[in-house]
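A.B. asks: Below is one structure. I have some questions about it.
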Amino acid sequence: MAERKKTDPVVQDLPDFSEYRGVMIVIEQRDGIAKKVSWQLLGRGRKLADKLETELSALVIGDHVENLAKEAFYYGADKVYWCDAPELKDYRTRPYSRVCLHVIEEYKPEIVLIGATYTGRDLAGAIATHLPTGLTADCTELDVEPDPSRLLLASRPAFSEKMVATILCKQYKPQMATARAGVFEALPKDTSRTGELIKISNPMTESEIATRVLDFIQDEKRINLEDAEIIVSGGKGLGGPEGFKLLQQLADELGGVVGASRAAVDAGWIDHDHQVGQTGFTVRPKLYFAIGISGAVQHIVGMQNSDVIVAINRDPNAPIFKLANYGIVGDLFHIVPAIIEAVRMKRAVPFKKESAAALEEVKARG
């Protein structure tokens, strides 16, 4: 049998990436406040950097965001690249990507991680395209192989969420990935930590930027599951869209937001913005109510990292009870109003008539 030639792409030597070292997290911020996913990624990045025996850096971009550069040290960064300019006050793809490209090309991190938010997905795609390099999106797990490969193992749901694929980028550096919020845990904030702060100049002037941000209008109706500390979620056990009115009452009393399973969303009972799970949002609240939710794997992976989980279901054998810290077996249409009333009694607020009316409406519909 003929021996393969050295030039055969199957056996050809990989490029020399020895000059690429370090893990870098791009910090997303708005109005000087960092997105939680950025600190969560620093927590995961710390583990990856330690495993590779290299440094963990953060890139902070904005206007008057020096405080965030210091905070990045508190959450695990060894080095922070800081680009501060009036042109960077609001996110715009071109100037932000230019800063990222400049830092990556100058300092050559081997791994770059960004939060899988609307902004993060836009920015990561622009960076990867211009470098060019590979990009694995919406990761739910990140790991690395040690020397000599130093490969990023970026895992994400695939094939209609039926399996998890681990994707490698062997031919290019840096290796890039975006990761979902709530998947990883931020390190405890340590205000005694410090490190090397490197000031980066803005490579673009305002006249070179084609777009302008005239105003930012917040959608007050849109909920923020990823940052919520209390989530009250409902599933098919609610029996219809009216059941979510009851859950909204409980969420309002607790100062939380309403979530939902994929089954409830697919049934058209509530918008996709409320969906928790593999095809929805991954959350990490302090308190999570799973009401009328059986506990399918697709939903579990989106909320399993909650601090405290309370499950309410008619079926004592529902899989959700294996995960829950507290489980209540029974009719949710009796249990939830009782919890609402108990919360209001604790606050010395009487049970509202509209809550009772909503409950009677649900009961009347069976």
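A.B. asks: What tally of residues in the stretch 209-255 results from selecting those that are without any contact (Cβ under 8 Å) to a residue 40 or more places away in the chain and in contact with a helix residue (DSSP H, G or I) (Cβ under 8 Å, 6 or more places away or on another chain)?
C.D. replies: Within the stretch 209-255, the subset without any contact (Cβ under 8 Å) to a residue 40 or more places away in the chain is 212, 214-215, 217-221, 224, 241, 244, 248, 251-252, 255.
Retained after the next criterion (residues that are in contact with a helix residue (DSSP H, G or I) (Cβ under 8 Å, 6 or more places away or on another chain)): 244.
Of the residues in that region, 1 qualify.
A.B. asks: Please state which of the following conditions ALA338 fails to meet, knowing it meets all the rest: (1) in a helix (DSSP H, G or I); (2) surrounded by 17 or more Cβ atoms within 10 Å (Cβ to Cβ).
C.D. replies: Every condition holds for ALA338 apart from (2).
A.B. asks: Out of ALA72, ALA85, ALA126, report the one residue that is in contact with a helix residue (DSSP H, G or I) (Cβ under 8 Å, 6 or more places away or on another chain), among the small types (Gly, Ala, Ser) and either more than 21 Å from VAL183 (Cβ to Cβ) or at pLDDT below 95 (or both).
C.D. replies: On the way: ALA72 fails: either more than 21 Å from VAL183 (Cβ to Cβ) or at pLDDT below 95 (or both); ALA85 fails: in contact with a helix residue (DSSP H, G or I) (Cβ under 8 Å, 6 or more places away or on another chain).
Only one candidate passes the filter, namely ALA126.
A.B. asks: What pairs come up if the first residue lies in the stretch 268-279 and is assigned to a loop (DSSP other than H, G, I, E, B), the second is polar (S, T, N, Q) and modelled with pLDDT of 95 or more, and their beta carbons are under 9 Å apart, counting only those six or more places apart or on different chains?
C.D. replies: Short answer, once both residue conditions are applied: GLY277/SER261.
A.B. asks: Also, quick follow-up: Quick one: count up the residues across the stretch 118-132 that are buried (at least 20 other Cβ atoms within 10 Å of the Cβ) and assigned to a loop (DSSP other than H, G, I, E, B).
C.D. replies: Pass one, the stretch 118-132, residues buried (at least 20 other Cβ atoms within 10 Å of the Cβ): 120, 123-124, 127-128.
Adding the requirement that they be assigned to a loop (DSSP other than H, G, I, E, B) leaves none.
Residues that pass the stated criteria total 0.
A.B. asks: Something else about it: Tell me, yes or no, whether the stretch 341-353 has at least one residue that is within 26 Å of GLY182 (Cβ to Cβ), surrounded by 12 or more Cβ atoms within 10 Å (Cβ to Cβ) and modelled with pLDDT of 95 or more. Outline the logic, then answer.
C.D. replies: So the first thing to find is which residues in the stretch 341-353 are within 26 Å of GLY182 (Cβ to Cβ), and the list is 343.
If we keep only those that are surrounded by 12 or more Cβ atoms within 10 Å (Cβ to Cβ) as well, we get 343.
When the remaining residues are screened for being modelled with pLDDT of 95 or more, the result is none.
Checked the stretch 341-353: no residue is within 26 Å of GLY182 (Cβ to Cβ), surrounded by 12 or more Cβ atoms within 10 Å (Cβ to Cβ) and modelled with pLDDT of 95 or more.
A.B. asks: Something else now. Being surrounded by fewer than 18 Cβ atoms within 10 Å (Cβ to Cβ) and closer than 28 Å to ALA186 by Cβ, is that true of even one residue in the stretch 254-266? Show your work before the answer.
C.D. replies: We begin by selecting, within the stretch 254-266, every residue surrounded by fewer than 18 Cβ atoms within 10 Å (Cβ to Cβ); these are 254-255, 266.
Next, only the ones that are closer than 28 Å to ALA186 by Cβ stay: 254-255.
Checked against the condition, which is being surrounded by fewer than 18 Cβ atoms within 10 Å (Cβ to Cβ) and closer than 28 Å to ALA186 by Cβ, the stretch 254-266 yields at least one hit.
A.B. asks: Let me ask something else. Given the conditions (1) modelled with pLDDT under 95; (2) part of a loop (DSSP other than H, G, I, E, B), which single one is not true for ILE293?
C.D. replies: ILE293 satisfies every listed condition except (1).
A.B. asks: Same structure, new question: Based on this model, can you work out whether PRO285 counts as part of a loop (DSSP other than H, G, I, E, B), surrounded by 24 or more Cβ atoms within 10 Å (Cβ to Cβ) and out of contact with any Cys (no Cβ under 6 Å at 6 or more places or on another chain)?
C.D. replies: On the way: part of a loop (DSSP other than H, G, I, E, B): yes; surrounded by 24 or more Cβ atoms within 10 Å (Cβ to Cβ): yes; out of contact with any Cys (no Cβ under 6 Å at 6 or more places or on another chain): yes.
So PRO285 fits the description; yes.
A.B. asks: Let me ask something additional. Return the only residue of ASP63, ASP90, ASP31 being charged (D, E, K, R) and modelled with pLDDT of 95 or more.
C.D. replies: On the way: ASP90 fails: modelled with pLDDT of 95 or more; ASP31 fails: modelled with pLDDT of 95 or more.
Selected residue: ASP63, the only one of ASP63, ASP90, ASP31 that is charged (D, E, K, R) and modelled with pLDDT of 95 or more.
A.B. asks: A follow-up question, please. Filter the stretch 134-189 for residues that are within 21 Å of GLU105 (Cα to Cα), in a loop (DSSP other than H, G, I, E, B) and in contact (Cβ under 8 Å) with a residue 40 or more places away in the chain; which is farthest from the chain's Cα centre (by Cα)?
C.D. replies: GLN171
A.B. asks: Checking ILE309 against (1) over 30 Å from CYS139 (Cβ atoms); (2) among the β-branched types (Val, Ile, Thr); (3) surrounded by 15 or more Cβ atoms within 10 Å (Cβ to Cβ), which test does it fail?
C.D. replies: Exception for ILE309: condition (1).
The values are calculated or read from the model by the stated rules, or taken from the named source; none is laboratory data. Since we're looking at a predicted model, the values are computed, not measured. Here the Cβ is made from the backbone with ideal geometry for all residues, glycine too, and neighbour counts use every protein chain on show.
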